[in-house]
Amino acid sequence: MRITLGVTGGVAAYKSAELVRRLQTEGHTVQVVMTRAAREFITPLTFAALSGQKVITDLFSNAESGDANLESAIEHIAVAQRTDLLLVAPATADTLAKFARGLADDFLSTLYLASTAPVVLAPAMNVNMWQHPATQENLVMLRKRGVRIVEPGEGYLACGMTGPGRLAAQDEILKAVREVVEAQQDLAGETVLVTAGPTCEDIDPVRFIANRSSGKMGYAVAEAAARRGAKVILISGPTALETPEGVERVDVRTAEEMLRTVQARFSPASIAIFAAAVADYRPAEPSAAKIKRTKEPLTIRLEPNPDILATVAKDKGDRLVVGFAAETDRVAENARKKLTQKNADLIVANDVTAEGAGFDVDTNIVTIFSRDARDLPLPRMTKAEVAQRVLDEVLRLRGALRSKPASHRAGD
């Protein structure tokens, strides 16, 4: 697992060097991010030598010398995308406040906002700072967001006071990391098939029918499933997106190609998630040569494409099948109808006309409709976050179905 270790300014920063070694012993790759204050207590060279990785110290590399470039300006995004877990040890009161309030004035705080990976914080500070109502309020906010807090230990502090505030023992920090890692591997042993992107239906060699799908939602699902331990097969229509790490990608162009590929790869899948925006129609007689422009109207006869979700789901067996529904009106009505007609287990529906939920944006606003009559409306969130919630619902539904008596399951 790729762990980003944030080191912030405090006497306990020197303990993070040993933490790097112990994380590596457990098989993790560790990249260290240091705040400016942390460099007053320990040098970046120490962490670079221990981790074998570049140590990041500034939001803009060499900004003071005028050598900052585009790569350094967006590096926090790249690190955020490849991080499986963000661990900050020690985490100062200042860092807790920045994370809780969404401030982003250095690399570490910006990385925290840009990452969807789980977060573990091990605070260390003066006892009065730890007990201050502002700090405690920030901790409550962070816990509500799912951040794991490793409580500081009690004892004699560097400031001369005694009480809670010293960095937790490394065994406690490592235990928290293990628990978070194990929780994030809840799809280990599963094979997840995901479709994504548009399909292109040729009119002639230079023109085609397509839609505005960017593929971002399907790719986010594929990446999330891989991070949670699944073997992922991504069947993608044409898109400029990069293949998520650890994902097997198969490129297709048309709806018919996508259906054939899905059918060929469906057998080993235990979960199938159909996020592709498949064209409903294709030209009935595509031209072998470019159609020349004339002053006369052009009529193109369209014929329906295969319904990939319905075709595959009718023979799904014990697999869980998830479909997506991009709607412009009567979202709930259409989604529930699709859930039944297509024999799906979940339908993830959205109104593509709503701000922040349409095509080619990084956010979405969806409702997840389930075969067990649970409707889960979600607020606007990133597509990466939506992907996690969809996978959570898949596992919830699987658990609910497995807990039912066999006689009840047979009638589903």
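The values are calculated or read from the model by the stated rules, or taken from the named source; none is laboratory data. The structure presented is a predicted model; accordingly, all values stated were derived computationally and were not measured. Here Cβ is always computed from backbone atoms with ideal geometry, including for glycine, and neighbour counts include all displayed protein chains.
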Pairs under 8 Å by beta carbon, first residue assigned by TED's automatic domain parsing to the domain that holds residue 307 and of a type in the set (Lys, Arg) in region 341-359, partner in a loop (DSSP other than H, G, I, E, B) and surrounded by fewer than 18 Cβ atoms within 10 Å (Cβ to Cβ), six or more apart or different chains?
-> 342/307
Region 387-399 - residue that is under 12 Å from residue 223 (Cβ atoms) and either of a type in the set (A, V, I, L, M) or in the same structural domain as residue 114 (by TED's automatic domain parsing) (or both) and, of those, modelled with the lowest pLDDT = 387
Those residues of region 152-177 which are surrounded by fewer than 20 Cβ atoms within 10 Å (Cβ to Cβ) and either part of a loop (DSSP other than H, G, I, E, B) or at pLDDT below 90 (or both), in sequence order | 153, 154, 155, 156, 158, 159, 160, 161, 162, 163, 164, 169
Could you tell me which of the residues 241, 234 is closer than 24 Å to residue 380 by Cα and either in the same structural domain as residue 395 (by TED's automatic domain parsing) or in contact (Cβ under 8 Å) with a residue 40 or more places away in the chain (or both)?
-> 241
For region 119-146, how many residues are in contact with a Lys or Arg (Cβ under 7 Å, 6 or more places away or on another chain) and outside any strand (DSSP E or B)?
-> 1
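Yes/no matrix, rows are residues, columns are (1) surrounded by 16 or more Cβ atoms within 10 Å (Cβ to Cβ); (2) at pLDDT 95 or above; (3) under 25 Å from residue 128 (Cβ atoms):
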site: 5; (1), (2), (3): yes, yes, no
site: 45; (1), (2), (3): no, yes, no
site: 58; (1), (2), (3): yes, no, no
site: 68; (1), (2), (3): no, no, no
site: 83; (1), (2), (3): yes, no, no
Residue check for residue 274: within 25 Å of residue 362 (Cβ to Cβ), among the aromatic types (Phe, Trp, Tyr) and either out of contact with any Lys or Arg (no Cβ under 6 Å at 6 or more places or on another chain) or outside the structural domain of residue 362 (by TED's automatic domain parsing) (or both) = yes
Taking region 339-361 on its own, how many of its residues are surrounded by fewer than 16 Cβ atoms within 10 Å (Cβ to Cβ) and touching a helix residue (DSSP H, G or I) at 6+ places or on another chain (Cβ under 6 Å)?
-> 0
